Amino acid sequence: MKRLFQKYKNKIPFKIVEFAKELGINVYLDDEMPDNVSGRIEKDNNGIFSCVLNNKHSVARHIFTIAHELGHYFRHQKYFETHNSLEEPLYNQFSKDRAIQNNEQKQMEQEANEFAAELLMPEITVKEKWYKFEGSVSKMARYFNVSELAMAFRIKNTIGVDFTNDYLIV
């Protein structure tokens, strides 16, 4: 596993689909997923994991969602020992739907988001590119191949400048 991380480390943009496939995780698109759900990770009865993405969402959103679901895969293995995510999916929900989550679910989602952010937008690289791209969220988002919203949150959490209200849909 460590060699696999080393193989992809510092490759910008991060090749998330290739990485998932090398882990043995299938990636699928779903046309029937509700708009407020970006994706989920599932484990079938044979222990094979799949990342299912909302086909109505953008490619940039898919990239972050795969990384987010891999965060669940790496950080929440204990959850998958007792849950079949087909019956009890962990959804990457938009903030307006998070009020229904309990504290454990919120913590798991936060951990998955942190994993995804660091995987796709490493802190040291974000700080370097902040100056190169003169603080442009859109230029940085294109460089890292993520959505402007994901980039805005990463800038907020690494640089301390908050552009998130410019990109949030209320």
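Extension gain for residue 30 to residue 15 (0.36 nm times residue separation, less C-alpha to C-alpha distance): 3.3 nm. Projecting label points 7 angstrom from Cα along Cα→Cβ for residue 77 and residue 46 puts them 2.1 nm apart.
Of 23, 168, the residue with the largest accessible area leads and the full order is 168, 23 (1.4 Å probe). Proximity of backbone amide H atoms, modeled 1.01 Å from N, is registered between residue 163 and 156 at under 5 Å, excluding neighbours fewer than 5 places apart on the same chain. Starting from the stretch 36-65, pick out the trypsin sites (Lys or Arg not before Pro) whose DSSP state is loop and whose Cβ has at most 16 other Cβ atoms within 10 Å. Answer by residue number: 56. Taken one residue at a time, the phi angles of the stretch 65-72 give Karplus couplings (6.51, -1.76, 1.60, θ = phi - 60°) of 4, 4, 4, 4, 5, 5, x, 5 Hz. Gly and Pro are set to x.
With only Cα atoms counted, the stretch 100-167 has Rg and Dmax values of 12.5, 40 Å.
Show the residues, 5+ positions off or on another chain, whose built amide H is closer than 5 Å to the amide H of residue 29. Placed amide hydrogens put 53 under 5 Å from residue 29. Among 24-33, 116-125, the peptide with the highest mean count of other Cβ atoms within 10 Å heads the list, and the full ranking is 116-125, 24-33.
The values are calculated or read from the model by the stated rules, or taken from the named source; none is laboratory data. Because the structure is a prediction, the values reported are computed rather than measured. So basically every Cβ, Gly included, is an ideal-geometry build from the backbone, and we count neighbours across all protein chains shown. For accessibility, only protein heavy atoms count, side chains too; no ligands or nucleic acids. Shrake-Rupley method; radii C 1.70, N 1.55, O 1.52, S 1.80 Å.
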